[in-house]
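Colleague: A single structure is presented below for examination.
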Amino acid sequence: MSYAGGPEIVSDLTFQLAAGSFHFLTGPSGAGKSSLLKILYLALRPSRGIVELFGRDVRTLGRADLPALRRRIGVVFQDFRLIPHLSALDNVALPLRIAGAKEAQVREHVSELLRWVGLGEQMNALPATLSGGQQQRISIARAVIGRPALLLADEPTGNVDDAIAVRLLYLFEELNKMGTTVLIASHNESLVQRFPHARLHLEGGRLERRTA
Amino acid sequence: MIRGWLSSRTDLPLKGDAASRFLPWVVAVMVYLAVLALAGALLARDSVLRWSRSLTGTLTVQIAVPAGERNLDVAMADRIDRTLELLRRTPGIDRAQALSADQISALLEPWLGGGAIVDELPLPALIDVALVPGARVDLKALAERLAAAVPGAALDDHGKWLKDLIRLALAAQAAAGLILLLVTGCAVAAVVFAVRTSLAIHRDVVEILHLVGARDRYIASQFQRHALALSLKGGLSGWLLALITLGGAAWALLSLDAALMPRPSLAWLEWLLILLPPFAATGIAVLTARLAVHNVLGRMI
Ligand SMILES: Nc1ncnc2c1ncn2[C@@H]1O[C@H](COP(=O)(O)OP(=O)(O)O)[C@@H](O)[C@H]1O
Ligand SMILES: [Mg+2]
């Protein structure tokens, strides 16, 4: 795939994520990890090639088909992408509210999750008043609140210290145990090595599968 | 409850948008003009209806002052008598009666002022004719016979006067329609502009909403709610101002000489029509916002 007439960032990748699997996506900075994830969470269309999500060829998807698929995908963006004027709680509640969940349930689930990621005291804080690590945890909470079938996380521990990073990875593992397929992009070797999961390594435009 | 709903949390920070801050003003002006135009059109229509109702079934015969007669009063009286006689012999005519000098000056007073001037002018005689209700009288033949029998006698069936009035009312209605159309166009343009600007400003947020699975409908509903609140606010203000203006105009009209002007009044159905613009404007704004959002989002990925 390439950005607007630029060179191909990644090409000829063939891989499959089995339902319920847990993978790391590793590789040096600039290798194309984020770009690959963008294709998977339907923010980018591949310039060529075939991508199938939940058994559907994305080339055949119209605009109207996207929301339903995106609701099954939780995304932790590398740059968080929080809505600046919404509190931590409202940001995390977004996927539930969009799906039309009952308000009482929304508050209960969201505050529970926020406490779990250590933001029990910051529920009503606006993103701008929080540290990078705290914003990242809001972003993670938003990605997992709807129990997505597929979780795509782009450097989800890039802004937190190791203790919290480990805790967050446990959260992903919990989610995985409940059936969510997990793909985590990270260039943090030491962290990746602490968790025994399969790895997709992206480097020089090529993808290599490495078992743990 | 409505209040809570209107002020409820929105995912898009639309409230502070510069793009939509002027929207209530546009809608207020739109509704203001719409109400005045509507009221004008309705009043014109009513006046014509009332006049035509009071004028149908009546004719007026006017007898010019004979020129060069030595004994003016006698000559005039003779003409009036002959006219009356002819009219009373005509089938289909119920009543024919000459207006007294006093009645004629009363009619002219609003235009010429009372007193001396009217008394000194040589005034034509006027004969008020009432037709038998439903009777068909050949007015053209009657006019010809009158003109032949009495020099200076002319028949006026008010047709021209009524035609002019109707044309005036139609013009007023056309003007009102045009104003409504223009003003609606302006409001639609304002809403479209506000929505587009707002979507451009909040592109990031819209993209996030999309990525977490929001449908266009969800995003549009936030704009619709915003448009609803703003245009309702503007619409009701404009409406109130228009009513105050109408009240003022009515008051000024009533304190004028009542003989010249018809008394403004509207039927309750027409009042209902006057009530409509703020809500119609709100409906138009909400619908426009919805279409505009879908139009813009439809072109995004
Ligand atoms: N929006 C963009 N437009 C153009 N080029 C981009 C864009 N985003 C990323 N790139 C380029 O694509 C390449 C891969 O970037 P990225 O996918 O972010 O890699 P990684 O996440 O592995 O660090 C880089 O060379 C980067 O400059
Ligand atoms: Mg990246």
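The values are calculated or read from the model by the stated rules, or taken from the named source; none is laboratory data. Note that the structure is a prediction, hence the values are computed from the model and not measured. Glycine gets a Cβ as well: all are built from the backbone with ideal geometry, and neighbour counts include every protein chain shown.
Colleague: Check off (1) more than 14 Å from every other protein chain (Cβ to nearest Cβ); (2) within 27 Å of B:Leu297 (Cβ to Cβ); (3) within 16 Å of ligand 2 (Cβ to nearest atom); (4) surrounded by fewer than 18 Cβ atoms within 10 Å (Cβ to Cβ) for A:Arg56 and give me the number that stays unchecked.
Modeller: The one condition A:Arg56 does not meet is (3).
Colleague: Name the one entry in A:Ala128, A:Ala153, A:Ala141 that is out of contact with any Leu (no Cβ under 6 Å at 6 or more places or on another chain) and part of a helix (DSSP H, G or I).
Modeller: The unique qualifying residue is A:Ala128.
Colleague: Hey, another quick one. If you take just the helices (runs of 4 or more DSSP H) that sit entirely in the stretch A:17-107, which of them hold at least 2 residues that are within 16 Å of ligand 1 (Cβ to nearest atom)?
Modeller: A:33-40
Colleague: Could you check the stretch A:24-53 and list, in sequence order, the residues that are in contact with a strand residue (DSSP E or B) (Cβ under 8 Å, 6 or more places away or on another chain) and over 21 Å from A:Asp79 (Cα atoms)?
Modeller: Scanning the stretch A:24-53 gives A:Ser47, A:Ile50, A:Val51, A:Leu53.
Colleague: Now for a different question. Please return the ranges of strands (runs of 3 or more DSSP E) entirely within the stretch B:70-167 where 2 or more residues are modelled with pLDDT of 80 or more, within 16 Å of B:Gly57 (Cβ to Cβ) and touching a helix residue (DSSP H, G or I) at 6+ places or on another chain (Cβ under 7 Å).
Modeller: The strands (runs of 3 or more DSSP E) meeting that bar are B:93-98, B:125-131.
Colleague: Please find, among A:Pro7, A:Pro67, A:Pro28, A:Pro46, the residue that is surrounded by fewer than 14 Cβ atoms within 10 Å (Cβ to Cβ) and under 19 Å from the mean Cα position of the chain (by Cα).
Modeller: Selected residue: A:Pro28, the only one of A:Pro7, A:Pro67, A:Pro28, A:Pro46 that is surrounded by fewer than 14 Cβ atoms within 10 Å (Cβ to Cβ) and under 19 Å from the mean Cα position of the chain (by Cα).
Colleague: Next question. Considering only the stretch B:43-50, I want to know if a residue exists there that is aliphatic (A, V, I, L, M), touching a Leu at 6+ places or on another chain (Cβ under 9 Å), at pLDDT 80 or above and in a helix (DSSP H, G or I).
Modeller: Yes.
Colleague: Does B:Glu207 satisfy the criteria of being within 14 Å of chain A (Cβ to nearest Cβ) and charged (D, E, K, R)?
Modeller: Yes; evaluated as a whole, the condition is true for this residue.
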